[in-house]
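K.L.:
Just dropping this structure here.
The values are calculated or read from the model by the stated rules, or taken from the named source; none is laboratory data. Bear in mind the structure is a predicted one, so any value in this text is a computation, not a measurement. Backbone-built Cβ (ideal geometry, glycine too); neighbour counts: all protein chains shown. All accessible areas refer to the heavy atoms of the entire protein, side chains included, with ligands and DNA or RNA removed. Shrake-Rupley method; radii C 1.70, N 1.55, O 1.52, S 1.80 Å.
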Amino acid sequence: MIRTVLRASPALLSVSALVLFAGACFQEPPQPGNDETGDTSAGDGDGDPSGDGDGDPTGDGDGDPSGDGDGDPTGDGDGDGDGDPSGDGDGDGDGDGDPTGDGDGDGDPPDPLCGDSIPVPGEICFSDLELFVGGDVVYSAHFADVNDDGNLDIVYLLGDGTIQYHIGTGEGVFGGKVDMSLAVGSGLMMTAHLDGDARIDMVVGSYTQLQALLGNGNGGFGQSAQVALATDISALWVGPFDGDADNDVLSVFGGTVRLDLNNGAGAFVMPFENQSANPITAIAAGDFTGDSLADAVFGRTNGINVRQGNGNSILFNTNFNTGVVANVAALAVGDFNGDDKPDIGYVDEVANNVGWVLGVGAGAFLTPEQVSCLGGPRAIAVADFDSDGNDDIAVGTGANRVWVYRSLGDDGFDEPVEIALAIAVDTLFADGDANGDGVIDLIATHTNSEQVVAILSTP
């Protein structure tokens with residue numbers, strides 16, 4: 001860096017002297033050996049024995065007593081006191097005047113670039129795929145912290161009714177397969193907190209029974225009493241439906257909807273059932289009315305409807321029509337336009353479409369929209385995959401693909417980003433950040449191929 005040193009000329013010093021001598025208060029200039037400041041060598045009255053007239057006893061001529069030569073008396077070596085040796089005053093150290101520190105000088109976040117480890121709004125990057133073989137047909141897989149070490153692990157339910165998991169390091173690396181020493185029956189599985197101890201638990205809905213598995217924090221799970229069901233479960237959801245903070249279990253079989261309430265200790269009590277004329281193919285939940293109570297979302301072969309929760313049972317107060325006309329294979333709830341009101345995404349495997357409908361509060365919805373999604377869309381997951389604050393849609397297909405649709409807010413969705421897989425997708429979940437890069441990751445299963453794929457982000 002070029003530093004310019006300004007020095008006063010003799011002429012300027014003479015003018016200063018004339019002004020002082022002409023004043024009303026005249027004082028005789030200090031003489032050598034008579035310096036009241038304690039400077040006996042220079043006699044210039046500045047307390048600096050070096051005699052350079054700057055008050056800096058180091059004698060380097062910069063007026064900085066720290067002696068680091070930058071003219072900055074803070075002594076931090078950067079000249080402007082901001083900790084940035086470039087001296088540009090922005091504190092980022094790259095001398096461009098841009099406090100973002102990305103070196104381009106424009107003051108904006110870095111441009112989207114997959115692989116630079118910097119999540120940027122609008123950037124969707126998935127390329128790090130981990131494949132796991134279950135050893136039997138795989139029905140459900142999730143990211144969850146089964147050993148309570150703060151890192152997400154992979155856990156999945158097999159067709160023989162056993163559960164396996166792989167311990168994660170928090171950096172997208174997973175250990176060998178661990179078999180749980182329990183059998184729960186094959187079917188559907190979700191992870192949740194059930195007994196109030198902050199350790200992850202699981203709910204398993206097998207063919208004719210429902211059961212909670214309570215985690216002990218070291219990879220072990222205890223079994224609660226099984227709840228007998230009349231027939232097979234076709235869809236399962238976990239959430240607080242009765243107005244307290246405990247997660248309850250909503251399940252469907254055919255046209256029957258069942259709610260099993262959690263007593264706070266992970267045991268299910270007071271089941272409620274409700275019959276529906278049309279078969280239910282998918283379920284989810286969200287607060288669509290703004291009353292802080294969970295409402296149920298039901299996907300059917302002819303559309304989607306929302307039933308308002310009343311805080312105490314499955315006997316919902318009001319039915320809301322979303323306007324969706326589709327053969328719904330799967331659905332998910334998120335906020336696509338950032339208005340803090342839940343919206344619904346869905347897939348129609350028959351028509352090869354992915355669609356969405358925006359909620360506006362009080363149980364009302366805008367006109368549904370949909371776009372073509374080839375390959376037989378079977379599964380859907382919703383999360384903010386591009387770090388812009390709006391939830392996006394990921395769709396798993398039978399053609400060995402996951403398509404990620406980036407939300408454009410009120411303007412719909414961008415053209416999808418393609419992720420090629422080695423398997424077709426039957427289930428798809430976005431449970432959390434498994435590799436610690438600040439972006440939500442995906443996990444997919446294909447039942448018959450006995451495989452699980454962890455789809456990790458690579459911003």
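K.L.:
Looking at (1) modelled with pLDDT under 85; (2) surrounded by fewer than 17 Cβ atoms within 10 Å (Cβ to Cβ), which one does GLY217 not meet, given that it meets all the others?
P.N.:
(1)
K.L.:
Could you list, in sequence order, all residues of segment 361-376 that are in contact with a Phe, Trp or Tyr (Cβ under 8 Å, 6 or more places away or on another chain) and not in a loop (DSSP other than H, G, I, E, B)?
P.N.:
GLY361, ALA364, PHE365, GLU369, GLN370, VAL371
Here's the yes/no breakdown for (1) open to solvent by less than 50 Å² (accessible area, probe 1.4 Å); (2) closer than 20 Å to ALA282 by Cα; (3) not acidic (Asp, Glu):
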| position | (1), (2), (3) |
| --- | --- |
| VAL357 | yes, yes, yes |
| GLY398 | yes, yes, yes |
| ILE419 | yes, no, yes |
| PHE429 | no, yes, yes |
| GLY438 | no, no, yes |
| ILE455 | yes, no, yes |
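K.L.:
With the structure loaded, tell me whether VAL425 is more than 21 Å from the chain's Cα centre (by Cα), in a strand (DSSP E or B) and either in contact (Cβ under 8 Å) with a residue 60 or more places away in the chain or surrounded by 17 or more Cβ atoms within 10 Å (Cβ to Cβ) (or both) or whether it fails that test.
P.N.:
So VAL425 fails the test.
K.L.:
Please pick out the residue among GLY172, GLY185, GLY176, GLY135 that is assigned to a loop (DSSP other than H, G, I, E, B) and surrounded by fewer than 16 Cβ atoms within 10 Å (Cβ to Cβ). Please lay out each step first, then the result.
P.N.:
On the way: GLY172 fails: surrounded by fewer than 16 Cβ atoms within 10 Å (Cβ to Cβ); GLY185 fails: surrounded by fewer than 16 Cβ atoms within 10 Å (Cβ to Cβ); GLY176 fails: assigned to a loop (DSSP other than H, G, I, E, B).
Only one candidate qualifies: GLY135.
K.L.:
Any chance you could count how many residues in segment 280-290 are assigned to a loop (DSSP other than H, G, I, E, B) and surrounded by 16 or more Cβ atoms within 10 Å (Cβ to Cβ)?
P.N.:
Total meeting the criteria: 3.
K.L.:
Just checking, how many residues over segment 199-219 are touching a residue at least 60 places away in the same chain (Cβ under 8 Å) and polar (S, T, N, Q)?
P.N.:
Qualifying residue count, segment 199-219: 1.
K.L.:
What number of residues in segment 189-235 are assigned to a loop (DSSP other than H, G, I, E, B), among the hydrophobic types (A, V, I, L, M, F, W, C) and under 30 Å from the mean Cα position of the chain (by Cα)?
P.N.:
3
K.L.:
Name the residue that is nearest to the chain's Cα centre (by Cα), counting only residues in segment 159-169 that are buried (at least 16 other Cβ atoms within 10 Å of the Cβ) and either assigned to a loop (DSSP other than H, G, I, E, B) or in contact (Cβ under 8 Å) with a residue 60 or more places away in the chain (or both).
P.N.:
Taking segment 159-169 as the starting set, the residues that turn out to be buried (at least 16 other Cβ atoms within 10 Å of the Cβ) are 159, 161-168.
Still in the running and either assigned to a loop (DSSP other than H, G, I, E, B) or in contact (Cβ under 8 Å) with a residue 60 or more places away in the chain (or both): 159, 161, 168.
Working: GLY159: 31, GLY161: 32, GLY168: 17 Å.
Among them, the one singled out is GLY168.
K.L.:
Which residues, taken from segment 222-246, are open to solvent by less than 30 Å² (accessible area, probe 1.4 Å) and at pLDDT 90 or above?
P.N.:
Answer for segment 222-246, where residues must be open to solvent by less than 30 Å² (accessible area, probe 1.4 Å) and at pLDDT 90 or above: ALA235, LEU236, VAL238, GLY239.
K.L.:
Applying the selection to segment 380-401, what residues are over 18 Å from PHE336 (Cβ atoms) and in a strand (DSSP E or B)?
P.N.:
GLY396, THR397, ARG401
K.L.:
If you check GLY222, GLY311, GLY303, which single one turns out to be farther than 24 Å from GLY159 by Cα, of a type in the set (Gly, Ala, Ser) and free of Cβ contacts under 8 Å to residues at least 40 places away in the same chain?
P.N.:
Sole residue among the options that is farther than 24 Å from GLY159 by Cα, of a type in the set (Gly, Ala, Ser) and free of Cβ contacts under 8 Å to residues at least 40 places away in the same chain: GLY303.
K.L.:
Please specify each residue of segment 263-279 satisfying the condition of being hydrophobic (A, V, I, L, M, F, W, C), modelled with pLDDT of 85 or more and not in a strand (DSSP E or B).
P.N.:
Passing the criteria: ALA265, ALA267.
K.L.:
Condition check: touching a residue at least 24 places away in the same chain (Cβ under 8 Å), on the phi < 0 side of the Ramachandran plot and more than 26 Å from the chain's Cα centre (by Cα). Does PHE365 satisfy that?
P.N.:
yes
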